[in-house]
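Before any comments, here is the structure.
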Amino acid sequence: MASTQQASELPDTPTLPNTHSGIPTRLLDKARRAKTLIWQGRSVPASQIPRTEPALPQGVSRTTFNTAIVELTQQLGAANVELNDKPAVDNGWYMEHPNTHDMMHVTDEDALVASAAVYPSSTAEVQLIVRWANQYRIPIFPISMGRNLGYGGAAPRVRGSVVVDLGKRMSNILNIDPDDYTCLLEPGVSFYALYEAIKAKGYDHMWVDTPDLGGGSVIGNTLDRGVGYTPYGDHWATHAGLEVVLPTGEIIRTGMGALPGSNTWQAFPYGFGPVQDGLFSQSNFGIVTKMGMTLMPNPGGHESFMYAFERDSDLAPLIEIIRPLRICNVLENVAQVRSAVQTIAVQGRPRTDFFTGSGAIPQEVIDKEVSKLPCGKCAWLYYGMSYGPAYIRQYKLDAIDKEFRKIPGARKVDPQTIPRDNYFWSRDQIAAGVPDLEELLWCNWVPNGSHIAFSPVSPIRGKDAKQLMELARRRHTEHKIDLFPAFCVGLREMHLIVEIVFDKTKPEARKAAMDCMRGMVDDAAKLGYGEYRTHLALMDQVAGTYNWNDNALMKLNERLKDALDPQGILAPGKSGIWPKRYRARGWEMGVGDEGVEGKGVEPEAGSVRL
Ligand code: EUG
């Protein structure tokens with residue numbers, strides 16, 4: 001181990017409520033363990049950028065940039081404008097990550113980096129920043145908390161953008177309504193923070209729909225159309241009302257919030273007229289500064305269950321069994337169907353504990369290791385939960401059991417036989433609305449482990465599951481990468497999440513991960529599958545697959561971009577949407593592209609009056 005800091009002397013993770021992005025004290029032990037394992041798995045100091053000057057965005061001279069920064073510093077205060085001009089000494093980890101780049105960079109570490117980070121304290125200061133960006137034509141990139149790991153983290157798409165870190169000083173829970181089961185949030189409120197606030201108020205009748213990891217911003221995750229594992233599941237579908245700063249500085253409120261003094265902003269998501277909320281999801285059309293969210297009623301009981309399936313070929317019939325049960329809500333939450341290898345990896349142990357050869361880990365090794373776990377020898381595991389009082393749960397669990405056992409050898413694993421430190425209990429917490437910290441343990445599979453997600457949407461059909469698995473396996477074998485698949489089953493589709501785990505310090509490992517991703521995206525598109533979300537470096541390619549009728553959708557997106565953001569300052573390139581000044585200059589990243597930048601912007605920066 002060549003880390004400069006020994007794992008045994010690591011400082012503790014910052015906690016809530018001392019830090020808006022901190023860990024709840026109830027999870028401090030898990031954080032200590034996770035952090036220690038990461039430091040043990042490091043082979044070199046985590047970051048090697050010897051920076052002395054900020055990376056500037058193309059088209060902005062250092063003189064213009066410096067003038068602009070001095071002006072912004074005068075307006076926001078010196079503590080709230082931070083230049084990225086120091087050598088980066090540590091990439092941190094999930095709970096203590098940089099806000100200037102992607103700590104899990106799949107490009108060169110220095111490719112997708114910010115020139116500065118700024119910290120607004122209010123919607124008015126966000127307006128001020130947007131107007132400043134327009135005046136100097138400096139690209140800005142808003143983040144809520146920057147924990148979009150696997151999809152780019154805190155990194156901007158355009159090198160040298162100024163990251164607007166909304167969460168640091170805008171982390172208030174503006175309202176929790178115990179009668180309507182709603183809340184109103186700022187960007188810096190994590191799932192952890194929302195959950196703890198609800199508990200602190202004694203509101204045990206309300207649940208938060210919780211994703212795999214609880215450190216992310218509720219607003220950020222929802223705008224990216226993230227997934228939770230209670231019956232609510234689809235975060236975007238359960239939000240109600242946005243406040244947005246447009247790229248030219250105006251503020252709007254969507255839904256009922258457009259009516260001054262409205263009393264139903266969080267109760268009815270639509271208001272009157274066109275529903276504009278979609279403009280601000282996975283887009284670069286505005287900066288969301290407030291969002292309403294609905295909360296789930298406590299169902300009055302819950303019970304996790306896990307089934308193990310022996311053969312790889314059980315996947316297709318299992319998915320066929322799941323579809324009708326899920327659509328009619330007997331299977332009530334977004335369950336995960338996970339592979340045995342991920343269950344081995346989520347113990348947090350390195351791959352070399354099991355296998356020291358090269359190439360993908362052999363099936364015999366997987367079989368041997370999974371046999372030692374509570375699930376026993378299996379190829380697939382179903383993690384689900386049943387909700388409600390015991391007599392209601394029993395009816396559903398019996399129906400599920402009868403159906404699942406149609407697959408020969410299917411086994412229900414008795415929770416009472418599963419040790420408390422097993423990952424099963426983490427899924428149990430998450431599906432019961434209690435945000436946890438365990439999912440990223442599989443990053444320790446390789447030294448300096450990082451991940452990037454391939455996330456295609458699929459029908460809930462056996463033949464599709466099989467086809468996607470074959471496609472992913474082919475590309476993983478080609479690039480000698482272990483395959484970590486999990487199917488997250490929604491109501492009428494499923495998100496297959498294939499996590500590629502790679503050593504971010506090895507250029508050849510990053511290239512293999514990118515080549516594998518690019519291959520899978522193209523293969524999937526040919527078969528009719530598209531991704532629900534993707535990493536910054538793949539946004540152009542994925543957007544390019546949604547090209548029906550001669551790219552009609554992107555043409556609309558570009559018209560909207562030109563109308564709403566004429567100077568092209570807001571998150572250029574996000575979701576493949578490039579402002580006019582950047583177009584036809586090679587900014588798009590695709591197959592075979594090494595660099596992330598294009599050739600300049602038109603016109604160059606200069607002081608512009610709106
Ligand atoms: C996961 C799930 C996701 C996602 C990224 C990761 C979980 C991995 C359902 O969405 O986008 C095990």
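The smallest convex shape that holds all Cα atoms of region 302-541, its convex hull, gives 122 Å³ per residue.
3J(HN,Hα) along region 277-293: 3, x, 4, 10, 9, 6, 10, 10, 9, x, 10, 7, 10, 8, 8, x, 9 Hz, from the Karplus curve 6.51 cos²θ - 1.76 cosθ + 1.60 with θ = phi - 60°, whole Hz, x for Gly and Pro. Averaging the sequence gap over all C-alpha pairs within less than 8 Å and six or more residues apart, then dividing by the number of residues, gives the chain a relative contact order of 16 percent. Any idea which of TYR270, LEU185, THR248 is furthest toward the positive side of the dipole for region 173-297, if Lys and Arg beta-carbons carry +1 and Asp and Glu beta-carbons -1? Among TYR270, LEU185, THR248, the one farthest towards the positive end of the dipole of region 173-297 is THR248.
What does the C-alpha gyration tensor say about the overall shape of region 22-108? Classify as rounded when a/c is under 1.5, otherwise prolate if a/b is larger than b/c, or oblate. Oblate shape, in that a/c is at least 1.5 and b/c is the bigger or equal ratio.
Once R0 is set to 41 Å, what does the formula 1/(1 + (r/R0)^6) return for the Cβ-Cβ distance between ASP401 and LYS526, expressed as a FRET efficiency to the nearest 0.05? Computed FRET efficiency for ASP401 and LYS526 comes out at 0.60. Between MET385 and PHE305, GLU332, ASN333, the built amide H atoms are under 5 Å apart, and every one of these is 5 or more places off in sequence or on another chain. Over all other residues within a Cβ to Cβ distance under 13 Å of ASP12, the charged ones net out to +1, with Lys and Arg as +1 and Asp and Glu as -1. In the chain, the DSSP-assigned H stretches of four residues or longer account for a calculated mean residue ellipticity at 222 nm of -8500 deg cm²/dmol, using -39500 (n - 2.57) per stretch and the full residue count as denominator.
With the simple spin-label model, which puts each label point 7 Å out from Cα in the Cβ direction, the ASN549 to THR25 separation comes to 5.8 nm.
Rounded, prolate or oblate, given the Cα gyration tensor of region 217-282, with a/c below 1.5 counting as rounded? Oblate is the answer for region 217-282, as a/c is 1.5 or above yet b/c matches or exceeds a/b. Going by a ≥ b ≥ c, the root eigenvalues of the Cα gyration tensor, does region 173-297 fall in the rounded group (a/c under 1.5), the prolate group (a/b larger than b/c) or the oblate group? Judged from the Cα gyration tensor, region 173-297 comes out prolate (a/c at least 1.5, a/b above b/c). Annotation: amide H of THR15 within the under-5 Å range of ILE23, sequence separation 5 or more or interchain, hydrogens built in the peptide plane. Across region 497-571, the mean sequence separation of Cα contacts (distance under 8 Å, 6 or more residues apart), normalised by length, yields a relative contact order of 15 percent.
In terms of its Cα atoms, region 48-193 spans 54, 33, 22 Å along the principal axes, sorted from long to short.
When each of MET170, MET494, MET206, MET554 is scored by the number of other beta-carbon atoms lying within 10 Å, the sequence from fewest to most is MET554, MET206, MET170, MET494. The HN-Hα couplings worked out from phi for region 440-446 by the Karplus form 6.51 cos²θ - 1.76 cosθ + 1.60 (θ = phi - 60°) are 6, 4, 5, 5, 6, 3, 10 Hz, whole numbers, x standing for Gly and Pro. Here the mean projected area of the convex hull built on the C-alpha positions of the chain is 26.3 nm². Here the contact order of region 302-541, divided by its residue count and restricted to Cα pairs under 8 Å and six or more residues apart, works out to 28 percent. Gyration tensor analysis over the Cα atoms of region 265-365 returns equivalent ellipsoid semi-axes of 40, 23, 15 Å (largest first, whole Å). Residues ASP562, ASP414, ASP436, ranked from the fewest to the most other C-beta atoms within 10 Å, line up as ASP414, ASP562, ASP436. With θ taken as phi - 60° and the Karplus curve 6.51 cos²θ - 1.76 cosθ + 1.60 applied, the whole-hertz 3J(HN,Hα) list for region 552-567 is 4, 5, 5, 4, 5, 4, 5, 5, 5, 4, 5, 6, 8, 9, x, 8 Hz, x standing for glycine and proline. Measuring from centroid to centroid over Cα atoms, what is the spacing of region 295-356 and region 57-129 in Å? The distance from the Cα centre of region 295-356 to that of region 57-129 comes to 40 Å.
Bear in mind that the values in this text are calculations on the coordinates, not laboratory data. This is a predicted model, so every value here is computed, not measured. For neighbour counting, all protein chains shown are included, and Cβ atoms are generated from backbone atoms with ideal geometry for every residue, glycine included.
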